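Asker: This is the structure I have questions about; it appears just below.
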Amino acid sequence: MTGARKVLCTLAVGRHAELLEIARPTFVDFADRHGYDFFALDRTLAPHRAASWSKIPLLHDLVQRYDLAVWVDSDAVIVDPTVDIAAVMEPRRFVHLVEHNLPDGRVPNCGVMALRGGRRARRFLERVWRAAQYAQHEWWENAAVLDALGYRLRKPVRPARPSVWRLGLGGLAVEWNSIPDDPAVRPRIAHFPGLPFEERLRRMDAAVATMLPTALPLLASGGGAWTNRPRQP
C-alpha cells in the first residue's frame, strides 16, 4: 500500500492506561517504521456500552478518512514490528482478523483488526453497531462482529449461515494476534486478553523484555492522543 494513508489506533480508559504505558512505545515504533498515524483514545465513545464497544465508532470515523485503519487492543504488545500488516492483507478483502482455534470453537478475535477504508468497511461497522442485543454480551462488540460474519455464538462457535460480509473477510496468521490460549511460535503481536489485570501487566512487561534490542528504539512514551470525537454510526 505504497502512498496509502494509514492509521494505527487503540483505546485506554481507567486502569487500561497502565497497559498502554507498556504497549505505546511498541505501537509508536511500528507506526513510525511503516508510515502510520497513531491515535490513542483516552475516553469512551459509547457511554451505555462496555468500553470495548468504542472501537466501532472510532473505526467508523477512521475508515472514512484513511485507506487502512488498524486496531490493536491496549493489552497487546507489538513484539516484531519488522513487517507491515498491510503487506499480508488479502486482495479484495476489506476486514482482516485472526480466527483462533479454541475449546469454544473457531473464534475470530477483534483485539487486532485491519480494515481497508471505504464504503464496505463503513457499512459493516454500522451493521455491527446496530446489533444492540450484544451490548452486554460477555464478548461485547466481538459478538456483534461474529454475528455479522455469520458465525453462531453457541459452542462450538463456527460459521453457520451465509453472510455477505464474510465474503470480505481476510484471514491473518495467528502471529498477528497471539494469545495465551492460542499462541504463535514467533508472534508479531502478543495479546493478553481475559487475564487478571496484574497478570496482563506482568506478561506485557515480559514480552517487551524479550524483544531484540534493535527491534525497539528508545522512544519517549508520548504519541498522539486523539481529541476529535468520531461520528457514531
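Asker: Would you point out which residue out of Ala23, Ala87 is in a helix (DSSP H, G or I), aliphatic (A, V, I, L, M), surrounded by fewer than 18 Cβ atoms within 10 Å (Cβ to Cβ) and modelled with pLDDT of 95 or more?
Answerer: Of the residues listed, the single one that is in a helix (DSSP H, G or I), aliphatic (A, V, I, L, M), surrounded by fewer than 18 Cβ atoms within 10 Å (Cβ to Cβ) and modelled with pLDDT of 95 or more is Ala87.
Asker: When you look at Arg65, is it more than 21 Å from Tyr134 (Cα to Cα), over 14 Å from the mean Cα position of the chain (by Cα), touching a residue at least 60 places away in the same chain (Cβ under 8 Å) and assigned to a loop (DSSP other than H, G, I, E, B), yes or no? Quick ask: steps written out before the conclusion?
Answerer: Values: more than 21 Å from Tyr134 (Cα to Cα): yes; over 14 Å from the mean Cα position of the chain (by Cα): yes; touching a residue at least 60 places away in the same chain (Cβ under 8 Å): yes; assigned to a loop (DSSP other than H, G, I, E, B): yes.
Yes; evaluated as a whole, the condition is true for this residue.
Asker: Those residues that are touching a residue at least 60 places away in the same chain (Cβ under 8 Å) and surrounded by fewer than 21 Cβ atoms within 10 Å (Cβ to Cβ), I need them from the range 45-56; list them, please.
Answerer: Once the filter is applied, which keeps residues that are touching a residue at least 60 places away in the same chain (Cβ under 8 Å) and surrounded by fewer than 21 Cβ atoms within 10 Å (Cβ to Cβ), the range 45-56 yields Leu45, Ala46, His48, Arg49, Ala50, Ser52.
Asker: Still on this structure, I have one more. What single numbered condition from (1) under 19 Å from Arg120 (Cβ atoms); (2) loosely packed, with under 13 Cβ neighbours inside 10 Å fails to hold for Arg161?
Answerer: Unmet condition: (1).
Asker: Return the pairs, sorted by first residue and then second, in which the second residue is aromatic (Phe, Trp, Tyr) and assigned to a loop (DSSP other than H, G, I, E, B), the first residue lies in the range 176-190 and is in contact (Cβ under 8 Å) with a residue 24 or more places away in the chain, the beta carbons are less than 7 Å apart, and the residues are 6+ apart or on different chains.
Answerer: Qualifying pairs under 7 Å: none.
Asker: If you don't mind, another one. Being part of a helix (DSSP H, G or I), among the aliphatic types (A, V, I, L, M) and more than 18 Å from the chain's Cα centre (by Cα) is true for just one of Ala206, Ala144. Which residue is that?
Answerer: Ala206
Asker: While we're on this one: Taking the range 69-81 only, how many residues are buried (at least 24 other Cβ atoms within 10 Å of the Cβ) and closer than 23 Å to Arg93 by Cβ?
Answerer: 6
Asker: Of the residues Leu45, Leu68, which single one is more than 28 Å from Ala160 (Cα to Cα), among the hydrophobic types (A, V, I, L, M, F, W, C) and modelled with pLDDT under 95?
Answerer: Leu45
The values are calculated or read from the model by the stated rules, or taken from the named source; none is laboratory data. On a predicted model such as this, the values are computed, not experimentally measured, just so you know. All Cβ positions, glycine included, derive from the backbone under ideal geometry; neighbour counts span all protein chains shown.
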